[in-house]
Amino acid sequence: MTFLKNYGVTLLVWVVLLAVPFWFPYVGGYTGLGTRTIVMALAAMSVNFLLGFTGVLSFGHAAYLGLGAYGAGMTIKYLLPSTPLGLLIGVLAGTLGAMAIGAMIVRLRGVYFAMVTIAFGQVFYFIAFRWSSVTGGDDGLTGWKRVPLDLGFTRIDILGNDVAFYYFCLVCLAASAGIMALLLRSPFGRTLLAIRENERRARFLGISVDQHIWLSFVISAAFASLAGVLYAYLDNFVDPRAFHWQQSGEFVIMVVLGGMRSFWGPLIGAAIFEVLQDKLSSFTDNWMSLLGLFFVLVVVFFPRGVLGAFGRKPTP
Amino acid sequence: MTQVILFNLLNGLIVGAFYALMALGLSLILNLSGVINFAHGGFLALGAYLAYSLMPTIGFWGALLLAPILTAFLGLAVERLLIRRLYGRDPLYSLLLTFGLAFIFQDGLRYVWGAQSVPYQIPGWLASPLSMDYFFLTGYRVFMMIVVALAVAGLFLVLGYTRLGMRIRAGTLDLDTVSVLGVNVRVLRNLNFGLGIYLAGLAGVLAAGMLGLSPTIGDQLIMPSFVAIIVGGLGSLPGTLVGGLLIGVAAGMTTVFFPTATEAVIYVMMALVLIVKPSGLFGDEGRLR
């Protein structure tokens, strides 16, 4: 019984996720939407690693989504058509970007930290937009495709088979979630929680707060860029909007909607958000207003999110 | 070459003046209430469209006068109904709220006035160049600079010498003490928000005459305004003014020598400032945390 109590939620989440290709089409979804949801959920979970467990708000995580996406796409297009290599370079690009930007902003806090992350996100947007000979500019990076996985003994056709690609993304999500959960249970993760709860006290205890926040920022961005790689693989396409602050804002609303400070909250938030957006944009042209209204309603009436509503009251 | 440089210098100054006007409004709200107003660009666009619709009835000057005031009243209402609920909560919530409002604004403007850009008529005598050699120096550009300068001077006079301005400045430093001294902080924040939105509306009306009018007019101005605040310094309004002009001129000069980097250069400046002095050029170190 203790096992069920401790791991019941995790078990339930994985059963539901593993079965998505079998039940999702019956409730009006399609496998591509399911894949998109788990990819966005990975990005939202990475934002939550920072926001929910370190107490730092990044409103610019689209920058790392975009770096991962362009890194992977450009690797396959210009360097070598290899899915794992694209993944590696994409994640590397995002992580290095986060290391540099993180070092510049780590001394800021709160609302100023958020503002600077927003502004930095735009640099990459303009680079992708302007450097059209390499990035394809406004039309996006096209003319490349993800490549089927060759494992030596067998070949997995993640290109032609949507369900296979879904499971490929799910494996990435599982690995990321596992690493994040382990990190949060480690002394490092506990230190992050201490910083979130009371930065000044953590500082007095001799914890190098800035370094911890920097590292947490970089780890979070690494997972965001992994989500970016999968995001690019999903459509075999990426355009500058991957970098846009609108995308960053969507990650944050997913986190809040699902319940920040809960590990699986962002997954639920991403699922609600993606399905809602998919349905809204198919039946009205004014879906942007409705989406905006949705933001306002969540913030005003439902600030603790789906999972937060059951958990303990978050401190303001 | 001199002509090209002068042209871009002037362009940079004018664009910088817009950034500054918008950033001053953002800064006022940020300093007193800790709210990053993402919807600022939406208010700016609304001011411009209101002026566009009012002009046939009350003329160019009437619209210039009235449209920002109407926008400010809407700002007062939005603060009163929505943003006020979120004071004292994590800044995340007000950020998301104004983010949602920005969506609603953009879509609403497109719904009412259409997605296509519409021409904004300015009086003929303002549109003509002042000199043949310097064809780019139209009367409207000079006029715009004068209006912006007057607005900024007016703002600093209000902040420096009126009771409201003194309370806003005091509240920026320590809102709790101001409240304890008997000032109604709710009203103060409301008026301060309205003042910020008035500046956005004014910037919108002026920008409409130069950039043309489309629902996304505010979008291209809001990010540079954030950068202006960061470069100029956290918590410092003169800093914000300098920051806006500085990045405007820097972007203008970059257009001459390396046009593809026009947008990117202001972010490079921001990075440099953050490395050297994280609180910005004229910033207050105490606001870092």
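The values are calculated or read from the model by the stated rules, or taken from the named source; none is laboratory data. Note that the structure is predicted; figures quoted are calculated from it, not measured. Because the Cβ atoms are built from the backbone with ideal geometry, glycine has one as well, and the counts that use them run over all protein chains shown. Only protein heavy atoms, including side chains, enter the accessible area calculation; ligands, DNA and RNA are left aside. Shrake-Rupley method; radii C 1.70, N 1.55, O 1.52, S 1.80 Å.
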Find the residue count for segment B:238-264, including only residues that are assigned to a helix (DSSP H, G or I), facing chain A (nearest Cβ under 10 Å) and open to solvent by 30 Å² or more (accessible area, probe 1.4 Å).
-> 2
Being modelled with pLDDT of 85 or more and either aromatic (F, W, Y) or under 18 Å from B:G209 (Cβ atoms) (or both) is the filter here, so list the residues in segment B:102-141 that pass it.
-> B:F103, B:F105, B:L109, B:Y111, B:W113
Which number in (1) farther than 30 Å from B:R110 by Cα; (2) among the polar types (S, T, N, Q); (3) crowded, with 23+ Cβ neighbours inside 10 Å marks the one condition that B:S225 misses?
-> (1)
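For every residue, the table says whether it meets (1) part of a loop (DSSP other than H, G, I, E, B); (2) away from chain B (no Cβ under 14 Å); (3) in contact with a helix residue (DSSP H, G or I) (Cβ under 7 Å, 6 or more places away or on another chain).
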{"position": "A:W144", "(1), (2), (3)": "yes, yes, yes"}
{"position": "A:A181", "(1), (2), (3)": "no, yes, no"}
{"position": "A:L184", "(1), (2), (3)": "no, yes, no"}
{"position": "A:R190", "(1), (2), (3)": "no, yes, no"}
{"position": "A:I195", "(1), (2), (3)": "no, no, yes"}
{"position": "A:H212", "(1), (2), (3)": "no, yes, yes"}
May I ask you to verify whether B:F60 is surrounded by fewer than 24 Cβ atoms within 10 Å (Cβ to Cβ) and over 14 Å from B:G196 (Cα atoms)?
-> yes
A:S46 being over 11 Å from the mean Cα position of the chain (by Cα) and of a type in the set (S, T, N, Q) = no
Only residues that are in contact with a Leu (Cβ under 7 Å, 6 or more places away or on another chain), assigned to a helix (DSSP H, G or I), at the interface with chain B (Cβ under 8 Å from one of its Cβ atoms) and open to solvent by 10 Å² or more (accessible area, probe 1.4 Å): list them for segment A:94-110, please.
-> A:M104
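This table checks each residue for (1) within 14 Å of chain A (Cβ to nearest Cβ); (2) without any contact (Cβ under 8 Å) to a residue 40 or more places away in the chain; (3) over 26 Å from B:G212 (Cβ atoms).
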residue	(1), (2), (3)
B:T57	no, yes, no
B:F73	no, no, no
B:R85	yes, yes, yes
B:R89	yes, yes, yes
Would you mention how many residues in segment A:16-42 are within 13 Å of A:L170 (Cβ to Cβ), among the small types (G, A, S) and either assigned to a loop (DSSP other than H, G, I, E, B) or in contact with a Ser or Thr (Cβ under 6 Å, 6 or more places away or on another chain) (or both)?
-> 1
Options A:F124, A:F49, A:F59; residue that is under 29 Å from A:W264 (Cβ atoms), within 12 Å of another protein chain (Cβ to nearest Cβ) and either of a type in the set (V, I, T) or buried (at least 24 other Cβ atoms within 10 Å of the Cβ) (or both) = A:F59
Within segment B:1-40, residues closer than 21 Å to B:N192 by Cα, assigned to a loop (DSSP other than H, G, I, E, B) and aliphatic (A, V, I, L, M) come out as B:V35, B:I36, B:A39
Picking from B:G233, B:G196, the residue that is within 14 Å of chain A (Cβ to nearest Cβ) and either more than 21 Å from B:I83 (Cα to Cα) or surrounded by 22 or more Cβ atoms within 10 Å (Cβ to Cβ) (or both) would be B:G233
Name the single residue, out of those in segment A:221-253 being of a type in the set (V, I, T) and in a helix (DSSP H, G or I), that is surrounded by the fewest Cβ atoms within 10 Å (Cβ to Cβ).
-> A:I253
Check B:A115 against each of (1) outside any helix (DSSP H, G or I); (2) more than 7 Å from chain A (Cβ to nearest Cβ); (3) open to solvent by 70 Å² or more (accessible area, probe 1.4 Å) and name the one condition it does not meet.
-> (3)
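Okay, residues lined up against (1) open to solvent by less than 20 Å² (accessible area, probe 1.4 Å); (2) not in a helix (DSSP H, G or I):
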position: A:V255; (1), (2): yes, no
position: A:S262; (1), (2): no, yes
position: A:P266; (1), (2): yes, no
position: A:K279; (1), (2): no, no
position: A:F294; (1), (2): no, no
position: A:V298; (1), (2): yes, no
position: A:P303; (1), (2): no, yes
Mind listing whichever residues of segment B:273-286 are surrounded by fewer than 22 Cβ atoms within 10 Å (Cβ to Cβ) and either within 23 Å of the chain's Cα centre (by Cα) or facing chain A (nearest Cβ under 9 Å) (or both)?
-> B:I275, B:P278, B:L281, B:F282, B:D284
Yes or no: A:V91 within 10 Å of chain B (Cβ to nearest Cβ), crowded, with 20+ Cβ neighbours inside 10 Å, hydrophobic (A, V, I, L, M, F, W, C) and assigned to a helix (DSSP H, G or I)?
-> no
Would you please list the contacts, defined by Cβ atoms under 6 Å and residues six or more apart or on different chains, that run from a residue in segment A:183-209 that is surrounded by 12 or more Cβ atoms within 10 Å (Cβ to Cβ) to a residue that is among the basic types (K, R)?
-> A:V209/A:R203
